[in-house]
Amino acid sequence: MKNRGKIKRQKTYWVLLGVLLIILVAIVSFAQTDESIEDGLDIRDVEGISVLWEHGMPYFTRFLTTDHPRLDLSGVWKFQLDPENCGVRERWFDPDLDDTDWFDHPVPGSWNAQRPEWLDYVGTGWYRTRFTVARSFSSRFNRLVLDGVSFSGYVYLNGRFIGSHSGGFSQWCLDVTDTLNYGGENVLAIRVDNQRYYDTVPPLVHNGMTLGWWPYGGINRRVEIESSPWTTICKLAVDTDYTGKIHGTGVLYCRGSKGTIANIRVRLTDLPGNKMAKLLNSQCYVRGGEMKAFRFEDKLEGIKPWSPTHPENRYRLEINVITPDGSEHQSLEIGFRQFEFRDLAAYFNDKQFFIRGVNRHEDDPKTGQVQSDARIAEDMALLHGMHANFVRTSHYPNDPRWLDACDREGILLLEEIPLYQAGWGVRSLSATTGNRLYKEAARQLIEMIERDRNHPSVVMWSIGNECLTPYPSVRQLYKRLYSMSKRFDPRRPVTFAIFIAPYPLSPTLDISADIADVISVNEYYGWYFNKPEQIGGLLDAVHRKWPDRPVIVSEFGAGSVKGLSGDKLYPGGLGSRRDYSEAYQAYLYEVQLKYIIKKPFVVGTMPWVFADFREEKAPNKPIPNMDLKGLVTYHREKKKAYDVVAAAYERIEQKYGQ
């Protein structure tokens, strides 16, 4: 009788929530986002090619190799927390500041992982370092290149503020040509803030609500000075297919005040360096301070397609730019491959394909957000061990070194921006109706695409996770982001994860899922609500509403602790109790995978989550402040569910052959 009472209370709660949602949808319908709002982004058209302009220059493509001189600023920096936010007022950026009593802090590094008392710190912190730049860098175009400054960074060089950036998972650059002290000492100070607001990405949903992962603050990826000729490549976008077709668009940027003639040469080699094709040999004139486009296209014979089973089939695209003021040689590793959805199925290189995926957070027990080479290698081995062929980079662009590894190892990627649960609060909902949240999300989306689009492993983009899709303003937000994604990359499919509520609430209320090329469903039947075996009915309901879209189950799972039995249940909210035993987690995956795989319109699954990770303000779990839904533990010990998923994925692999 007690269980019936709990179930009745839970049903009443969800019915009342559904009624409230319907009322709010009706109200918000009168406050939809005006499509005429300007993007607020500086996107420039260069002979039909879109280029993001920020910090007074174009956004730069990431190359795998370059002959540009680089000064690596990694190492031990000085660090100080700034809980009173007094650093600017007290001029902590001043070159003459005595920072000898500041803490030593590795860069890359997350401050939350440095000292136990800093683990929960959310606020601002300051990083300082001193370095010398060789005189040979002078009379060249010099950029400070940063990545993974979470969540926002404000940069001072030699006492001068030179720029800022929000979004903790992107690469960004600042022009330091006129600010560096060549041949002498330089002082770099970066004020980092890991706080969220209603119109930032990731957004604050409502006051006091935690993020879905640990809000690591710090400089979590590389920092370097890159020195190039005055005229350099700022953008290179390469598209291929498995038949040998290649199409490239590029943009040159002249940083100098005077124009110049540039000779552009593009060629393709295999990895040992044997020449395969000359793709471009042309000359153009680039005006001072402006950009110039170039293009190449060909259909090559004898190309070996890249695939999860043949990731060794990569090619080196080399590009040389020669001007009177200097030359540069840079390269990418590309793969000839094609990923698409058609007729409610996924196809890779024209063969039907099933996504054997998993969600993965960048969270290391020792280093936090920072990913070591050893962490990347161990996680990759575990993915291969479970017969996975796909990873969703939940919920943000990953370290580029992880993407490089996926290229080498044949793991496909769905890369996502951290537009996380927008609309789940009154002020958060209000932010979705304005332009500032869209501008932040769109800029981070473009940065992700421009940094990572040349990776053969990256096959899809995600423009958000679990935003409240019954709202017209959220639909409009997604619609605009979808259009922006297609503007910068027309070929890759675009999706976003919709959250499934229990009983009749979803997908009945959702008005946004049809925007995506494939519907991604986050469902937790058998954990937060309902029973595992009811997943079949839910998926049928999704298909009935959107019969022309394939479906990915982008999150599902249950928590567990290795070695824990089911003798004790733990609080789960709304009066529920949850079983964190390994046995129950394994049972849930056995049941759900059996139902999911049978659905002909389902093209993939992505268990939540690959490994346990830190989670804010979750004290009542068997291991406090941890998301315990991992198939492996925080320290990468396999749980029983890992073997269940591995067995299911091996059967699917045998069926599809890739």
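The values are calculated or read from the model by the stated rules, or taken from the named source; none is laboratory data. Predicted model, so just to flag it, every value in this text is computed and none were measured. Every residue, glycine among them, receives a Cβ derived from its backbone with ideal geometry; neighbour counts consider all protein chains shown. SASA here: full protein model, heavy atoms, side chains in, ligands and nucleic acids out. Shrake-Rupley method; radii C 1.70, N 1.55, O 1.52, S 1.80 Å.
Quick notes on this one:
- Förster radius 56 Å - calculated FRET efficiency between GLU47 and ASN625, Cβ distance, rounded to 0.05: 0.60
- One chain, two ends: THR243 and LYS594. Fully extended at 0.36 nm per residue, the span grows by 122.8 nm beyond their Cα-Cα distance.
- Unit Cα scatterers, Debye sum, the chain: log10 I(q)/I(0) for q = 0.06, 0.07 Å⁻¹: -0.34, -0.46
- With Cα atoms, 0 to 90° folded angle of helix 2-28 axis to the chain main axis: 50 degrees
- Among PHE93, LEU157, GLN476 the positive-end extreme of the charge dipole of the chain (Cβ point charges): GLN476
- Backbone N within the range 215-238 under 11 Å of label point (7 Å from SER74 Cα along the Cβ vector): 221-224
- Computed across the range 502-603, the Kirkwood radius stands at 14.6 Å (inverse of mean 1/r, all Cα pairs).
- The charge dipole of the chain, taken about the Cα centre with unit charges on the Cβ atoms of Lys, Arg (+1) and Asp, Glu (-1), comes to about 1640 debye, rounded to the nearest 20.
- Largest-first ordering by accessible area, 1.4 Å probe, given options ARG453, ARG130: ARG130, ARG453
- Selected from ASN522, ILE500, PHE488, residue furthest toward positive end of dipole (the range 437-548; charges at beta carbon): PHE488
- Structure-based [θ]222 nm, the chain - -39500 (n - 2.57) summed over DSSP H runs of at least 4, per residue, nearest 500: -7000 deg cm²/dmol
- Apportionment of accessible area to carbon and sulfur, the range 78-173, percent (1.4 Å): 47 percent
- Heavy-atom accessible area order for PHE161, PHE169, largest first, 1.4 Å probe: PHE161, PHE169
- In straight-distance terms, cross-link reach from LYS258 covers every one of the aspartates and glutamates whose alpha-carbon lies under 12 Å from its own, apart from those fewer than eight places away in the same chain; here that gives GLU290, ASP325.
- Computed over the range 71-215, the alpha-carbon pair-distance distribution with 10 angstrom bins reads 11, 40, 35, 12, 2, 0, each value a whole percent.
- Estimated FRET transfer efficiency when R0 is 41 angstrom, pair TYR182-ASN207 (beta carbons, to 0.05): 0.30
- Probe 1.4 Å - accessible area at LEU468, Å² to nearest ten: 10 Å²
- Taking the Cα centre of the range 544-658 as reference, the dipole from Cβ charges on Lys and Arg (+1) and Asp and Glu (-1) amounts to some 320 debye.
- In Å², nearest 10: area of GLU637 left accessible to a 1.4 Å probe: 100 Å²
- Net charge dipole size for the range 336-451 [Lys, Arg +1 and Asp, Glu -1 on Cβ; Debye, nearest 20]: 360 debye
- Modelled this way, with points 7 Å down the Cα-to-C-beta line, the labels at ALA374 and ASP343 are 5.0 nm from one another.
- Charge tally in the Cβ shell below 15 Å around LYS366, where Lys, Arg are +1 and Asp, Glu are -1, LYS366 excluded: -3
- Sites LEU569 and ASP325 - FRET efficiency at Förster radius 56 Å, r taken between beta-carbons, to 0.05: 0.20
- Taken over the range 538-658, lysine pairs spaced eight or more positions apart, or on distinct chains, with alpha carbons under 22 Å apart number 29.
- Spacing of the modelled spin labels on ALA293 and ALA381, each 7 Å from Cα toward Cβ, amounts to 4.8 nm.
- Difference of contour (0.36 nm per residue) and Cα-Cα distance, ARG160 to LYS545: 133.0 nm
- Among beta bridges from DSSP that stay inside the chain, the antiparallel ones total about 80%.
- Annotation: amide H of TRP230 within the under-5 Å range of PHE141, sequence separation 5 or more or interchain, hydrogens built in the peptide plane.
- Cα centroid separation, the range 437-488 to the range 348-371 (Å): 19 Å
- Inter-label distance, nm, simple model (7 Å from Cα along the C-beta direction), LEU271/SER483: 4.3 nm
- Taking Cα atoms only, the orientation of helix 472-488 departs from the longest principal axis of the chain by about 40 degrees.
- Relative to the longest principal axis of the Cα atoms of the chain, the long axis of helix 582-598 makes an angle of roughly 80 degrees.
- When DSSP beta bridges are restricted to pairs lying wholly in the range 79-216, around 95% turn out antiparallel.
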